[in-house]
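Reading through the structure tokens given below for one structure.
The values are calculated or read from the model by the stated rules, or taken from the named source; none is laboratory data. Computed from a predicted model, the values in this text were never measured in an experiment. Don't worry about glycine lacking a Cβ; one is built from the backbone with ideal geometry, like all the others, and counts go over all protein chains shown. What goes into the accessible areas is simple: the full protein's heavy atoms, side chains included, and nothing from ligands, DNA or RNA. Shrake-Rupley method; radii C 1.70, N 1.55, O 1.52, S 1.80 Å.
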Amino acid sequence: MRVLSGIQPSGKLHLGNYLGMMKQCVELQQKGECYIFIANYHALTTVSDAAVLRQNTMDVALDFLALGLDPEKTVFFRQSDVPEVQELTWLLSIVEPMSRLELAHSYKDKIAHGKEATHALFSYPVLMAADILLYQSDIVPVGKDQKQHLEITRDVAVKFNLKFGETFKLPEAYIPEAVAIVPGTDGQKMSKSYGNTIEISGTEKEIKKSIMGIVTDCAPLEAPKDPESNNVFKIYRLLATPEQTQEMADKFRAGGYGYGEAKKELLRVFNEVFGPFRQRRAELAANPAKVREILLNGAERARKEARKTLDAARAAVGID
């Protein structure tokens with residue numbers, strides 16, 4: 001079983017990234033062959049400062065390795081170190097209709113939030129399809145909000161295979177039922193675009209500020225509260241044990257339990273979960289040359305597989 005996933009270095013990684021994708025990738029490396037990449041080509045749709053992109057890319061590498069990604073078990077690399085993906089993007093674009101891309105939720109959402117309608121943003125799903133199909137992936141861990149992109153990938157693969165002959169596997173989505181959309185500090189989906197994140201590598205002061213700033217209603221301290229309707233509890237249950245989760249739910253329902261106290265408990269659990277990660281990350285950050293070496297070694301391994309697929313696709317269309 002080959003697993004493929006990537007993440008953009010478009011900003012500091014947060015709890016939503018961890019629960020929605022990174023945690024699953026670390027766990028899946030024990031069950032199959034994993035290809036995990038830092039999607040710095042994709043990030044160019046939102047990051048226009050070269051120095052920031054370089055730093056963000058290193059930060060993603062540090063975060064993944066500190067979380068337990070093992071470069072001996074996982075092929076871990078930068079997207080831009082495998083140039084074959086760009087040629088495959090072009091070959092896939094010849095079978096993907098514009099009408100399908102116009103329906104992409106991510107494109108419409110970004111335009112609605114004021115992003116410029118560039119070609120790169122519009123054709124983003126085709127590059128994503130190339131990322132996935134290039135390595136003949138079996139499964140792709142995605143959040144529910146990214147499922148449509150995988151559907152587009154499968155659609156592209158089917159169209160290419162029908163037109164030029166069997167070339168690509170059809171990958172399956174891997175969506176853990178336990179994690180749906182991670183709520184942000186304002187109740188919307190947690191996203192760097194919305195500025196409502198809790199960064200996993202933030203300083204203690206930054207994390208405390210984010211957690212204590214979670215938006216809640218105005219219910220008085222003594223009033224019983226529905227835990228299912230408040231943001232603090234929704235985030236807390238994603239990190240706490242079932243016993244801790246039940247205890248907080250009972251306190252909310254009983255009354256006399258305020259949001260401030262709940263936020264302090266969330267902060268305690270957050271630091272408990274991510275304390276060891278922050279220590280490992282600091283150790284890795286002290287040796288950036290080693291991190292770059294890991295990424296380059298991963299790219300070398302990735303290119304061997306990428307070349308096989310690209311050669312097959314070139315032969316299929318007649319430009320071998």
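Here are the numbers for this structure:
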quantity	calculated
Test: residue in segment 111-127 that is over 29 Å from residue 295 (Cβ atoms), assigned to a loop (DSSP other than H, G, I, E, B) and among the small types (Gly, Ala, Ser)	yes
Number of the exception - residue 103 against (1) open to solvent by 10 Å² or more (accessible area, probe 1.4 Å); (2) under 22 Å from residue 17 (Cα atoms)	(2)
Residue among 262, 219, 223 that alone is part of a helix (DSSP H, G or I) and either among the basic types (Lys, Arg) or farther than 17 Å from residue 14 by Cα (or both)	262
Test: residue in segment 172-179 that is of a type in the set (A, V, I, L, M, F, W, C), in a helix (DSSP H, G or I) and without any contact (Cβ under 8 Å) to a residue 24 or more places away in the chain	no
Failed item, numbered, when residue 256 is tested on (1) open to solvent by less than 60 Å² (accessible area, probe 1.4 Å); (2) assigned to a helix (DSSP H, G or I)	(2)
Considering residues of segment 216-236 that are closer than 20 Å to residue 199 by Cβ and not β-branched (Val, Ile, Thr) only, the residue most open to solvent (accessible area, probe 1.4 Å)	234
Filtered residue count, segment 141-169, keeping only those that are in a loop (DSSP other than H, G, I, E, B), surrounded by 15 or more Cβ atoms within 10 Å (Cβ to Cβ) and at pLDDT 90 or above	3
From the options 230, 287, 297, residue that is farther than 30 Å from residue 85 by Cβ and among the polar types (S, T, N, Q)	230
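Condition check ((1) of a type in the set (Val, Ile, Thr); (2) without any contact (Cβ under 8 Å) to a residue 60 or more places away in the chain; (3) open to solvent by less than 60 Å² (accessible area, probe 1.4 Å)) across all residues:
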{"site": "209", "(1), (2), (3)": "no, yes, no"}
{"site": "251", "(1), (2), (3)": "no, yes, no"}
{"site": "273", "(1), (2), (3)": "yes, yes, yes"}
{"site": "282", "(1), (2), (3)": "no, yes, no"}
{"site": "312", "(1), (2), (3)": "no, no, yes"}
